[in-house]
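The values are calculated or read from the model by the stated rules, or taken from the named source; none is laboratory data. As the structure is a computational prediction, the values presented were derived from the model and not from experiment. We place every Cβ from the backbone using ideal geometry, glycine too, and count neighbours over all the protein chains shown. To get the accessible areas, we keep the full protein, side chains included, count just its heavy atoms, and leave off ligands, DNA and RNA. Shrake-Rupley method; radii C 1.70, N 1.55, O 1.52, S 1.80 Å.
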Amino acid sequence: MKKKIAIDMDQVIADMEISFIELFKKEYNISFDSIEDYLKENPNFDLVSTIKELYPLINTHAFFRNIPVMKDSQTVLRELAEDYDLYIATAAMDVPKTFTAKYEWLQEHFDFIDSQHYIFCGDKSIIHTDYLIDDSIRQLERFSGTGILFVNSLNETEDRYIRANNWKEIRDYFLSIKE
């Protein structure tokens, strides 16, 4: 029997940071290359508050439908699909107006994953797979299997989980444990 991997969507296979940066630049009429650089130059900037302020613009079909795919995610997940059952587990309850956009996006970019394996939820403690790849510490804390932290600027100091900086590292991890 194949082991099961649940994969978060936002900031794991969907590169929300690129879309968020573009929205942020447009709304605040500023220019910068990366969120990390901007945060270094503006140490008092409150990213969480800004995300909350922009929430009405983020919680839309148009925003989610046009998010770019995370580099190497499609290639690695196609490879992993040979040996694992893959599930997409997205905390869609945080952005409820995006269900259709997320479904359409998955159908376009990850059509090799069965749509019956899409899990639109809030609290991921209900997911009973062997692994969860997620960027949310809150979700990994609730998960009972092996958590793999997809590292980004909001969780870079977390060290309680297996860490992956990119999809090639995820592939290497699963190849190293392959039976």
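When the strands (runs of 3 or more DSSP E) confined to segment 70-147 are screened for residues that are in contact (Cβ under 8 Å) with a residue 24 or more places away in the chain and crowded, with 21+ Cβ neighbours inside 10 Å, those reaching at least 1 such residues are found at 84-90, 131-134.
Note on segment 148-165: residues that are open to solvent by less than 60 Å² (accessible area, probe 1.4 Å) and in contact (Cβ under 8 Å) with a residue 40 or more places away in the chain amount to 3. Hey, among the residues in segment 44-69 that are aliphatic (A, V, I, L, M) and touching a residue at least 24 places away in the same chain (Cβ under 8 Å), which one's farthest from Trp105 (Cα to Cα)? The extreme case among them is Leu47. Counting only residues that are under 23 Å from Lys2 (Cα atoms) and either basic (Lys, Arg) or touching a Gly at 6+ places or on another chain (Cβ under 9 Å) (or both), segment 143-162 holds 2 of them.
Hey, could you check segment 4-38 for residues that are buried (at least 17 other Cβ atoms within 10 Å of the Cβ) and over 17 Å from the mean Cα position of the chain (by Cα) and say which is modelled with the lowest pLDDT? The extreme case among them is Tyr38. For segment 166-179, the set of residues classified as in contact (Cβ under 8 Å) with a residue 24 or more places away in the chain, open to solvent by 90 Å² or more (accessible area, probe 1.4 Å) and assigned to a loop (DSSP other than H, G, I, E, B) consists of Lys178 only. For segment 126-139, the count of residues that are of a type in the set (Ser, Thr, Tyr), within 16 Å of Gln11 (Cβ to Cβ) and more than 13 Å from the chain's Cα centre (by Cα) is zero.
Is one or more of the residues making up segment 43-64 closer than 19 Å to Ile7 by Cα and open to solvent by less than 60 Å² (accessible area, probe 1.4 Å)? Yes, segment 43-64 has at least one match. Filter segment 43-88 down to residues that are out of contact with any strand residue (DSSP E or B) (no Cβ under 9 Å at 6 or more places or on another chain) and of a type in the set (S, T, N, Q) and give me whichever is nearest to Tyr28 (Cα to Cα). If we take residues in segment 43-88 being out of contact with any strand residue (DSSP E or B) (no Cβ under 9 Å at 6 or more places or on another chain) and of a type in the set (S, T, N, Q), then Thr50 is nearest to Tyr28 (Cα to Cα).
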